[in-house]
Amino acid sequence: MFPIRLSNIHFTPGGRAVLCGVDLDIDAEGITVIIGPNGAGKTVLLRVLAGLQAPDDGAIAWNGDGLPTAGIAMVFQHPVLLRSSVLHNAGLGLTPLGLSRPETRRRAMQTLERVGLAHRAGDSARRLSGGERQRLALARAWAMRPRLLLLDEPTAALDPSATEAVETIVREIRTDGARILMTTHNLGQAMRISDDVVFLDRGRVIERAPSSRFFARPQTAEAKLFIQGELPWRVAFDS
């Protein structure tokens with residue numbers, strides 16, 4: 001699957017430019033956080049990678065091959081859960097793999113234990129709190145043992161405690177071998193969790209750098225203004 005190379009990706013629904021020639025290389029390890037203003041194209045970029053949205057122009061090379069038929073999982077800001085048990089929801093992503101029912105149950109329970117929801121396995125998923133629902137969505141993706149995990153604003157509606165729990169799980173999934181791309185509006189979170197940062201603005205990749213360097217010494221005026229405007233403390237950069 002890796003490296004993944006996006007070349008000149010365009011998406012212009014109804015003539016409105018959402019992605020405008022995105023070029024991006026994705027290697028096999030780490031957590032890349034995609035940040036940028038509202039409407040920058042962050043979610044659409046993840047959907048294109050997931051195969052949920054076809055670009056109008058450009059190409060994606062998956063280690064020289066076409067879109068993989070397995071190995072990609074995506075968790076949305078508002079996960080869709082069925083009116084069934086937490087355990088059943090956790091195993092939904094395993095259905096296409098053709099596993100036996102005992103193996104499906106074993107893998108689903110294993111991931112529920114890892115996200116701290118094993119004690120809720122028999123409860124209806126609709127009875128979970130917002131943070132628990134997001135942890136269940138992560139468990140469902142984790143059970144698939146994805147090589148590429150795409151996370152779209154997974155903590156946007158969560159309180160600090162639930163956010164911390166989700167961030168811990170994301171790090172554990174990374175340690176387990178998944179390559180992670182994640183969007184967020186929380187720059188503090190981006191600083192805590194990312195190995196590198198992609199700054200997207202008006203459908204274009206404006207800057208990409210290791211996290212520590214990006215937040216300490218952004219190279220573009222757009223990135224500097226974004227960081228200064230979004231962080232809850234005053235930031236000054238050397239001239």
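Translational diffusion coefficient of the stretch 34-159 at 10 °C, 1.306 mPa s, Stokes-Einstein with Kirkwood Rh over Cα pairs, in µm²/s as a whole number.
D, rounded to a whole number, is 101 µm²/s.
Compute, for the stretch 4-230, the length of the dipole vector about the Cα centre, with Cβ point charges of +1 (Lys, Arg) and -1 (Asp, Glu) only. Units Debye, rounded to 20.
Around 700 debye, computed over the stretch 4-230.
Hey, what D do you get for the stretch 149-237 in µm²/s if you plug the Kirkwood alpha-carbon radius into Stokes-Einstein at 20 °C and 1.002 mPa s? Numbers along the way, then the final one.
On the way: Rh = 13.9 Å.
Rounded, D is 154 µm²/s.
State, to one decimal in nm², a quarter of the convex hull surface area for the C-alpha atoms of the stretch 43-109, i.e. the direction-averaged projected area.
Over all viewing directions, the stretch 43-109 projects a mean Cα-hull area of 6.1 nm².
Arrange M191, M144 by Cβ neighbour counts within 10 Å, fewest through most, would you?
If I rank by nearby Cβ atoms, fewest first, I get M191, M144.
Would you tally the net charge around Q219, using a Cβ to Cβ cut-off of less than 15 Å, leaving Q219 out, and scoring K and R as +1, D and E as -1?
On the way: positive: R204, R208, R213, R217, K224; negative: D196, D201, E207, E222, D238.
That works out to 0.
Efficiency by 1/(1 + (r/R0)^6): what FRET value for R127 and A221, r their Cβ-Cβ distance, R0 = 35 Å, to the nearest 0.05?
Efficiency, rounded to the nearest 0.05: 0.15.
Once amide H atoms are built 1.01 Å from N in the peptide plane, which residues 5 or more positions from V205, or in another chain, come under 5 Å H to H?
D23
Give me T12, T155, T95 sorted ascending by neighbouring Cβ count inside 10 Å, so fewest comes first.
Fewest to most other Cβ atoms nearby, the residues stand as T95, T12, T155.
Looking at the chain, identify the longest residue range that excludes and avoids all trypsin sites (Lys or Arg not before Pro) in DSSP loops having at most 12 other Cβ atoms within 10 Å. Kindly include the intermediate steps, with their values, before the conclusion.
Working: sites that count: R16, R83, R234.
Free of exposed loop sites, the longest segment is 84-233.
Based on the inverse mean of 1/r over its pairs of different Cα atoms, what is the Kirkwood hydrodynamic radius of the chain, in Å?
Details: mean 1/r = 0.0536 Å⁻¹.
Radius from the Kirkwood sum: 18.6 Å.
Over the stretch 90-239, what relative contact order in percent results from Cα pairs under 8 Å that are six or more residues apart?
16
Can you give the longest stretch of the chain with no exposed loop site, where a site means chymotrypsin sites (Phe, Trp or Tyr not before Pro) in a DSSP loop (not H, G, I, E or B) with at most 15 other C-beta atoms within 10 Å?
My reading of the result: 1-232 is the longest stretch.
Neighbouring Cβ atoms within 10 Å as the yardstick, rank L99, L181, L87 fewest first.
Going from sparsest to densest Cβ surroundings: L99, L87, L181.
Lys/Arg Cβ at +1, Asp/Glu Cβ at -1, dipole of the chain taken about the Cα centre: which of V115, Q189, I60 is farthest positive-ward?
V115
Coordinate-derived values only; no laboratory data. Predicted, not measured: the structure shown is a model, and the values here were computed from it. Positions of Cβ are generated from backbone atoms using ideal geometry, with glycine treated the same way; all protein chains shown enter the neighbour counts.
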